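Working notes, beginning with the structure itself.
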Amino acid sequence: MAKKEKLVCYHCGLEMSEAETVWFDDKAFCCNGCKTVYEILNQNQLQQYYKMNDMPGIKSDNVDENIKQKYAYLDDPEIEKKLLEFNDASTKIVNFYIPNIHCSACIWVLEHLDKLNPNIAHSEVNFPTKNVRITFNGDKISLRQVVEILASIAYPPLISLDDMDKDKKKNNKKLLYQLAIAGFAFGNIMMMSLPEYIQSEGYWIERFAPLFRWIMFGLALPVVFYSAKDYFESAIKGLMQKIVNVDILIALGISVLFLRSSYEVISGTGTGFFDSLTGLVFFLLLGKYFQRITYDYLSFERDYKSYFPIAVTKIVDDKEEVLQIKNILPGDRLLIRNEEIIPIDAILMKNTALIDYSFVTGESLPVEKHIGDQLLAGGKQIGNFIEVEAISNVDNSYLTKLWSREAFHDSKIVNIKSLTDKISQYFTFVILTIALLAGIYWYFTDGFSTAIWVVTAVLIVACPCALALSAPFAFGNMLRKFGYHQLYLKNAQVIESMSKIDTIIFDKTGTLTSQEKYEVAYEGIPLFDEQKSMVKAMVKTSNHPLSRLIYQDLAEINIIHPDKTEEIIGKGIVAQLQDDIYKLGSASFVDIEHENISTQVYIAKNNQVLGKFVFTAAYRKGITQLFKKLQKKYQLIVLSGDNDSEKPILKKLLPKNVSYYFNQSVHDKMDFIQNMQEKGKVVMMIGDGLNDAGALQQADVGLALSENTNVFTPSSDGILKADKLSHLDRFLRLTQQTKAVIFTSFAIAFLYNILGLGFAITNHLTPIVAAILMPISSISIVIFVTLLTNIISNKLINSNL
């Protein structure tokens, strides 16, 4: 008999058996949630959604459950005011982050929200950032109703406490404006300079040259005083701190170019070097912009506010009311629904809780809590609603105190000096020496006027444009390459820091182990096929994470149909088959005691415990090979907050020279790294949960591992997609090879400077020579570093080493 093919959900594409299928309109759905979304779209003539992509939706379990209660806090005028981007008498605009956006069909349906409600005037999706900007009529539809519409079609927005801070949401476009002004001026000045380069005399030149020179002077003013402003500020700060950085020489070069050009125009003695001046600033800003835009939409400075809700439900005299979390006081009774975050430390007062602490610890399996147990802020309730009593306000919770530690707020002190700044120290000294010697020579040879002319020419041609562009374009291109392979670094300085590290520290839970893959082992009396089928039938309809893992483990087992099944949220499942009563759940549910060392689910038949399912996180693929490669060059350490129960497993899995430290608190991890740094070590920390955030901040390089780079990750220097951890050795080697490319480009830049200095010292530097030499040197350096970094990155990252 041929094996039946599995059905696929029409909405989300999830595979399912015939017994699990929900049929509607001759289409198969995996759950009522997906069916509901289909109905809503179908009723509003949005069937095109399913033609854009096959199975474009997201699995939508209980899509309509608690929507009305969940977003009640959006009726608060103060909250609404802070969330709205624009708030007129009737027209309102809001910008939401929607994690479920993933394909063209998502964009299409979200840009047709007006079909779901005509009071939504316009909606526009920004796909890279997963944001949707919605314009609606505030007189006829509320912000809460807009959000409820999004949630009803399985695109609920992520609204967090961080969204209340409007200052954070402002997008700084200053660099873009500086670049645009410099580019506009550069293009126009080049065009106006061209006639004088081609023809030195004649009626039209003599008549219009002065006018064009003054126009060029006017165009150069905003470039010098606005576009180049940051270079002057950096140079002044460097001098005040007695640090010679590359911006000092750039600022000096810009100043000399502008002053000499202005003198020539005002005195009528020449056309000046305005084209070289604006070109220099344009190319420098282009390199800076290239770095910034690489992954500007990723957030590397997230804290708990990015994760916490804006408001919660407070219970007063058995009535529910919305309360902003900043107003929570000790003693307040709060209602926490399924999938809601506990924003304060509290005592559980009603029902059994199942708390997901993955945000805090990186451990994705939920923890069972009972009435009277303390719950820490940051946990997410899974399953039935619970009631808790606050024992602190938000500012005094364990989580907030953790974030208030000094290391979270101090800017990371970078001990590794920029390559460009390092070389510019010597370069500046050499150029000033050459300018001085050339000036002295021409002073005694041809007088003061010629000496000044030669000195300014030396400073103009030696302005380190090509030198300053090497690192930004090399690192900027490498940031893009890393991002293509799902390592997203905060800035170029991180690449330099990575090339210097000698010690790598790994968290265990969620870093070496997977948050999404767990191994399920059964221990106890062997189960008959009928008993296995019964267990599978019991967990089939449960949304509990452990039930799903058991169901997957029993994938090849046929399902039987119990006479009766009941799930007791937070405890377990009871089922009856003829005269036999089965129980599946926690130790207390089957009336036994156990040590809470590992995550376990017990199975009992007629009050006799048959055995238990034990869940252990699976170690990530390629970990052993990665450590073997890294041990050749780096000191490797595992630093974990867990007990040492898995130390024997780790010792078999990893090389012998790896060091292990267990039972480490958040502060212990930070202190450990600080001690390593005091011994002269340059440390990289790799972690995933908020409990690693302090260590990530303390380390010279902190990488946050993430299963999904668009959801919460702690503040870090970089975000690494979890399934790319095995490529870490390649990324580290690539940072070192990038430095080699930069040193090579420096050498090429010096050759251009030597050529230019030949013209300057011999008093043969004319505007046309500068106009040709400076752009060519800049463009060739950019092309060189871009091509070479592309070649080495493709060769190394795509290799099968």
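The values are calculated or read from the model by the stated rules, or taken from the named source; none is laboratory data. Note that the structure is a prediction, hence the values are computed from the model and not measured. Here Cβ is always computed from backbone atoms with ideal geometry, including for glycine, and neighbour counts include all displayed protein chains. For the accessible areas, the whole protein counts, side chains as well, though only heavy atoms, and no ligand, DNA or RNA atoms are used. Shrake-Rupley method; radii C 1.70, N 1.55, O 1.52, S 1.80 Å.
Apply the Karplus parameterisation 6.51 cos²θ - 1.76 cosθ + 1.60, with θ equal to phi minus 60°, to every residue of the stretch 336-343 and state each ³J(HN,Hα) to the nearest whole Hz, in sequence, with x for glycine and proline.
10, 8, 4, 6, 9, 8, 7, x
Calculate, for ILE215 and LYS633, the FRET efficiency according to 1/(1 + (r/R0)^6) with r their C-beta to C-beta distance and R0 51 Å; round to the nearest 0.05.
About 0.30, to the nearest 0.05.
Just to confirm the filter: which trypsin sites (Lys or Arg not before Pro) across the stretch 74-148 are DSSP coil and have at most 12 other Cβ within 10 angstrom of their Cβ?
LYS140
Report the net charge of residues surrounding GLY524, where surrounding means a beta-carbon distance below 13 angstrom and charges are Lys +1, Arg +1, Asp -1, Glu -1.
With Lys, Arg at +1 and Asp, Glu at -1, the neighbours total +2.
Amide H of TYR10: which non-local residues (sequence gap of 5 or more, or other chain) have their own amide H closer than 5 Å, using H built in the peptide plane?
Counting only residues 5 or more places away or on other chains, the set is ALA28, PHE29, CYS30.
Contact order normalised by length for the stretch 515-618, with contacts defined as Cα pairs under 8 Å and 6 or more residues apart; what percent is it?
The value is 30 percent.
What fraction, in whole percent, of alpha-carbon pairs in the stretch 171-292 exceed 27 Å separation?
For the stretch 171-292, the fraction of Cα-Cα distances above 27 Å is 23 percent.
Label the stretch 78-140 by shape, choosing from rounded, prolate and oblate, from the square roots a ≥ b ≥ c of the eigenvalues of the Cα gyration tensor; if a/c is under 1.5 it is rounded, and otherwise prolate applies when a/b is larger than b/c, oblate when it is not.
oblate
Among 635-643, 647-655, what's the highest-first ranking by average C-beta atoms within 10 angstrom per residue?
Peptide ranking by packing, descending: 635-643, 647-655.
Just to verify a number: what accessible area does VAL535 come out at with the full protein assembly present, 1.4 Å probe, Å² rounded to tens?
0
Under the 0.36 nm per residue contour assumption, what length would be gained going from the current alpha-carbon distance of PHE208 and GLN241 to full extension?
7.2 nm
5 Å is the cut-off here: which amide hydrogens, built 1.01 Å from N in the peptide plane, fall below it relative to LEU577, excluding neighbours closer than 5 in sequence?
Result for LEU577 returns ASP563, TYR582.
Can you give me the distance in nm between label points at GLU707 and LEU432, each placed 7 Å from the Cα along the Cα-to-Cβ direction?
5.7
For the stretch 606-657, count all C-alpha to C-alpha pairs, find those more than 16 Å apart, and express that count as a whole percent of the total.
That fraction is 56 percent.
Take peptides 275-281, 750-756, 783-789 and line them up by average Cβ neighbours within 10 Å, highest first, as a rough protection proxy.
For the peptides 275-281, 750-756, 783-789, the packing ranking is 275-281, 783-789, 750-756.
Using modelled backbone amide H atoms (1.01 Å from N, in-plane), which distant-in-sequence or interchain residues come within less than 5 Å of LEU705's amide H?
GLY687, ASP688, LEU720
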